[in-house]
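The values are calculated or read from the model by the stated rules, or taken from the named source; none is laboratory data. Since the structure is predicted, the reported quantities are computational estimates derived from the model, not experimental observations. Note that we place each Cβ from the backbone using ideal geometry, even for glycine, and neighbour counts take in every protein chain shown.
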Amino acid sequence: MSFLYITEQGAYIKKKGGHIQVIKNEEVLVERVIREIKCLVLFGGVHPTTDATLALLNSGCDIAYMTKNGHFKGRLVSAAGKNSILRAGQYAMFHDPKVRLAFARRYVIAKIRNGMAVLSDYHHSGKSEFVFDERSSIEEICEHIATRCNDLASLFGYEGAAARHYFGAFARLLTHGRAFPGRIFHPSTDPVNALLSFGYSFVARELQGILEALGLDPYIGFFHEVTYGRASLTLDLMEEFRHPFIDRLVVRLFNKRMLGDDDFETGDKGQVYLKKESLKIFIRHYEEWANRVNRTLGDDGELSWRQVMWKQGEKLRRAVEYNEEYTPFSWKEGIKEASYSGSGEGAR
């Protein structure tokens with residue numbers, strides 16, 4: 001089973017027997033067996049026929065729609081989640097302020113500690129002169145979250161403060177004189193921020209599909225505010241993966257000069273995005289990275305990033321369905337349970 005990305009503008013997709021064909025100007029660009037495709041990802045002006053769409057959905061394949069610049073817009077799914085009992089439990093947890101705050105704390109502390117692990121990895125790698133001197137400030141924020149944070153508004157404040165420390169250090173990971181002005185989005189105005197946002201959108205798309213496949217409602221989260229059209233639970237789960245998965249990939253692509261300034265262009269409103277051919281380069285490296293065995297996972301063994309994302313989705317489902325504690329994903333540095341014990345609340 002695989003992901004199939006179609007970026008060729010003006011192409012259309014038709015069904016031929018048990019296959020789909022991607023065609024442009026009467027030329028067959030790609031032909032794949034339908035049952036082997038897990039998710040079809042369409043960028044911009046790509047047009048599947050009705051027969052092809054129905055055949056893909058019938059085989060259990062989801063179809064994700066992205067803008068030409070890589071922003072996720074929506075998905076067609078082969079079947080909506082039918083586990084009403086599971087979702088009822090999820091909604092009950094959402095309406096319990098203590099449970100919601102406990103889940104949110106765990107997401108945020110996992111994000112912060114995974115960010116520290118990324119910075120520490122570069123600090124100790126000997127591959128650069130990078131010095132990670134923000135540790136004490138970030139550790140203090142984690143302590144405050146565990147002992148002083150009693151509402152979601154305060155948690156957002158602490159999370160923002162930790163992010164400023166993290167991205168201040170992240171800027172120093174980039175070599176060859178590449179500048180990073182800090183985290184800027186909506187729109188991204190430089191190549192590094194553009195690639196970070198682009199990568200996060202890829203992870204969000206995958207996580208939303210996982211949550212839906214497991215029967216959870218991706219729009220009802222615990223940390224991110226529930227608003228119209230926002231997949232809040234997807235964004236909650238993504239916090240665990242931003243720094244170790246996407247940020248490290250972005251640093252790798254720039255530091256190894258797999259991508260550079262010439263791979264980006266600027267739109268009418270100042271937004272920066274990947275050029276058409278460079279988008280294909282990113283997709284290739286993203287796929288390799290997502291399927292690469294991650295040998296730093298301790299108790300989880302040698303799992304790829306995709307396998308880890310599924311594992312966390314399954315953990316979250318069990319936490320909701322069986323009232324179990326949810327343990328966030330930890331990259332290299334284990335989550336210290338003592339960090340949460342001061343609140344007396346478990347994420348259940």
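Here are the numbers for this structure:
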| item | result |
| --- | --- |
| Residue check for Lys73: within 29 Å of Phe223 (Cβ to Cβ) and within 19 Å of the chain's Cα centre (by Cα) | yes |
| Some residue of the range 114-124 being free of Cβ contacts under 8 Å to residues at least 40 places away in the same chain, not charged (D, E, K, R) and not in a helix (DSSP H, G or I) | no |
| Filter result (assigned to a loop (DSSP other than H, G, I, E, B) and of a type in the set (Asp, Glu)) within the range 257-297 | Asp268 |
| Sole residue being in the same structural domain as Asp96 (by TED's automatic domain parsing) and touching a strand residue (DSSP E or B) at 6+ places or on another chain (Cβ under 6 Å), chosen from Val251, Val272 | Val272 |
| Residue that is nearest to Arg105 (Cα to Cα) [pool: residues in the range 211-239 that are assigned to a loop (DSSP other than H, G, I, E, B) and among the small types (Gly, Ala, Ser)] | Gly221 |
| Residue match in the range 120-142 (condition: among the small types (Gly, Ala, Ser), under 23 Å from the mean Cα position of the chain (by Cα) and more than 24 Å from Phe103 (Cα to Cα)) | yes |
| Of residues in the range 156-210 being charged (D, E, K, R) and either outside any loop (DSSP other than H, G, I, E, B) or in contact (Cβ under 8 Å) with a residue 24 or more places away in the chain (or both), the one surrounded by the fewest Cβ atoms within 10 Å (Cβ to Cβ) | Arg164 |
| Residue within the range 3-21 that is surrounded by fewer than 19 Cβ atoms within 10 Å (Cβ to Cβ) and aromatic (Phe, Trp, Tyr) present | yes |
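Conditions tested, residue by residue: (1) more than 24 Å from Tyr122 (Cβ to Cβ); (2) at pLDDT 90 or above; (3) not assigned by TED's automatic domain parsing to the domain that holds Ala194.
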{"site": "Ala213", "(1), (2), (3)": "yes, no, no"}
{"site": "Pro218", "(1), (2), (3)": "yes, yes, no"}
{"site": "Ser232", "(1), (2), (3)": "yes, yes, no"}
{"site": "Met238", "(1), (2), (3)": "no, yes, no"}
{"site": "Asp247", "(1), (2), (3)": "no, yes, no"}
